[in-house]
Structures are given as C-alpha cells and as structure tokens.
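Colleague: Sharing a structure below in structure tokens format, with a few things to ask.
The values are calculated or read from the model by the stated rules, or taken from the named source; none is laboratory data. Not measured: the values here are computed from a predicted model. Counting neighbours? That spans all protein chains shown, and the Cβs are built from the backbone with ideal geometry, glycine included.
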Amino acid sequence: LARLAAAEMLVRGRKARDAKAALVTIDRALADGSGLAKLRELVAAQGGDARAVDDPRRLPHAPRVERLVAQRTAFVGAIAADRVGQASVRLGAGREKKGDPIDLRTGVVLHAKVGDRVERGQPYAEVHVAGRPGDAGAIDEIRAAFRWSARRVAPRRLILGRIASRWPP
C-alpha cells in the first residue's frame, strides 16, 4: 500500500512519468538506503532523535506489554479497526482532540490479520500499556475487536477504490 501511494505521489508530482517508473525509483531508494537517509533527515528536522531510525531501542518503551493469545486454534474472521483505534486512544497512543498529549510508549501491535490461522496459545496482538486506570478496559476492547472463525475468511482487498480522477495518469 505504501509503495502504491508513494508511486501515485511521484507521478502526480511529475517526478516520474508513470506508475512503473515511479515504482522503480521507490524500490531503488529502499534498496540503496536513500529512503532511510531521508527518513533520518525528516525525524531530525522535527526535533526527533534520528538515531532511532537505525536503533529502535532508543524509542520510549511501555512499562508493560500485554500479549493477547488465542484461546483456541481458529482463523481471524474480522477485526473491528475502529474499536482497536478507540482502545489505542484510551491507552494514550492517540488523541481525542487536537492538543491532547500522546504517550509514545503506548500502542497496539497486531500479529495477525483477517484470514490468518492462529494456533491456540499463539499471540495475535500485543498491547503496550503505561499503567493508566483504563488500561484493562482498553485491553478488553482490543480482545473484543477480534472475531474468530472455524474456517478461513478471505481478506478484503487492500485498496477498495480511488478518489483520484485518473490513475495512472
């Protein structure tokens, strides 16, 4: 998805003649390290520690990580992304309104997506918590966001449609 969005931006910004050429440029930047160099530059320009791009251990860490594990072997049938997002806000990983602080230590890591088979005892998500009073409720909300199926469910297409008038131009 990120590659396709980047390709569209390069074409629309007239930095590539078509989608195929844009993807070649993107893949080259990923392979030769110039993409990471640009990311370091952007992080530094915004006051961040650019060294964290190469060493994620420099990022703040939550005091506790709650692993959500499958209670039985099943397929992920659906994930209510809105519920995961709302729970993330309750953890401190997002904002309800502009100006609300964000706790960079908190968040959710999904290890399974719709259609994946998850074995009993296998983690399907990690919840990074900072010790807020609402953490337990947020964890329960994330657990409840997952729907399980005895049969494999086909995942939805990654790109459902385009708003842009023409692609490729």
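Colleague: Would you check if ALA44 is surrounded by fewer than 17 Cβ atoms within 10 Å (Cβ to Cβ), touching a helix residue (DSSP H, G or I) at 6+ places or on another chain (Cβ under 6 Å) and assigned by TED's automatic domain parsing to the domain that holds ILE102?
Modeller: Details: surrounded by fewer than 17 Cβ atoms within 10 Å (Cβ to Cβ): yes; touching a helix residue (DSSP H, G or I) at 6+ places or on another chain (Cβ under 6 Å): yes; assigned by TED's automatic domain parsing to the domain that holds ILE102: no.
When the stated conditions are applied, ALA44 does not pass them.
Colleague: Can you tell me which residues in the range 22-44 are farther than 24 Å from ARG157 by Cα and hydrophobic (A, V, I, L, M, F, W, C)? Steps first, please.
Modeller: Kept after step one, since they are farther than 24 Å from ARG157 by Cα, are these residues of the range 22-44: 25, 28-44.
Listed by number, the residues that qualify are ALA29, LEU30, ALA31, LEU36, ALA37, LEU39, LEU42, VAL43, ALA44.
Colleague: Identify, please: which residue in the range 82-101 is under 14 Å from ASP140 (Cα atoms) and of a type in the set (Gly, Ala, Ser) and is, among those, surrounded by the most Cβ atoms within 10 Å (Cβ to Cβ)?
Modeller: Applying the filter and picking the extreme gives ALA87.
Colleague: Looking at GLY99, GLY94, GLY115, which one is part of a loop (DSSP other than H, G, I, E, B) and over 23 Å from PRO60 (Cβ atoms)? Spell out the reasoning first.
Modeller: Details: GLY99 fails: over 23 Å from PRO60 (Cβ atoms); GLY94 fails: over 23 Å from PRO60 (Cβ atoms).
Result: GLY115 is the single residue among GLY99, GLY94, GLY115 that is part of a loop (DSSP other than H, G, I, E, B) and over 23 Å from PRO60 (Cβ atoms).
Colleague: Can you name every residue in the range 8-28 that is at pLDDT 95 or above and hydrophobic (A, V, I, L, M, F, W, C)?
Modeller: LEU10, ALA16, ALA21, ALA22, LEU23, VAL24, ILE26
Colleague: Continuing with the same structure: So which of LEU110, LEU104 is at pLDDT below 95, surrounded by 14 or more Cβ atoms within 10 Å (Cβ to Cβ) and under 20 Å from ALA130 (Cβ atoms)?
Modeller: Numbers: LEU110 fails: at pLDDT below 95.
When all the criteria are applied, what remains is LEU104.
Colleague: Output the residues belonging to the range 103-118 that are of a type in the set (A, V, I, L, M) and either more than 23 Å from LEU91 (Cα to Cα) or without any contact (Cβ under 8 Å) to a residue 12 or more places away in the chain (or both). Explain how you work it out, then say what you get.
Modeller: So in the range 103-118, the residues of a type in the set (A, V, I, L, M) come out as 104, 108-110, 112, 114, 118.
VAL114, VAL118, listed by residue number.
Colleague: Sticking with this structure for a sec: Which pairs do you get when a residue that is at pLDDT below 90, found in the range 150-161, comes within reach of a residue that is part of a loop (DSSP other than H, G, I, E, B) and not aromatic (Phe, Trp, Tyr), reach meaning Cβ atoms under 6 angstrom, with the pair 6+ apart or on two chains?
Modeller: PRO155/VAL114; PRO155/GLY115; LEU158/LEU1
Colleague: Of the residues ARG28, ARG51, ARG14, only one is outside any helix (DSSP H, G or I) and over 20 Å from the mean Cα position of the chain (by Cα); which?
Modeller: Numbers: ARG28 fails: outside any helix (DSSP H, G or I); ARG51 fails: outside any helix (DSSP H, G or I).
After applying the criteria, what remains is ARG14.
Colleague: Let me ask you something else. Considering only residues of the range 55-74 that are assigned to a loop (DSSP other than H, G, I, E, B) and not charged (D, E, K, R), which is surrounded by the most Cβ atoms within 10 Å (Cβ to Cβ)?
Modeller: Out of the qualifying residues, it is ALA62.
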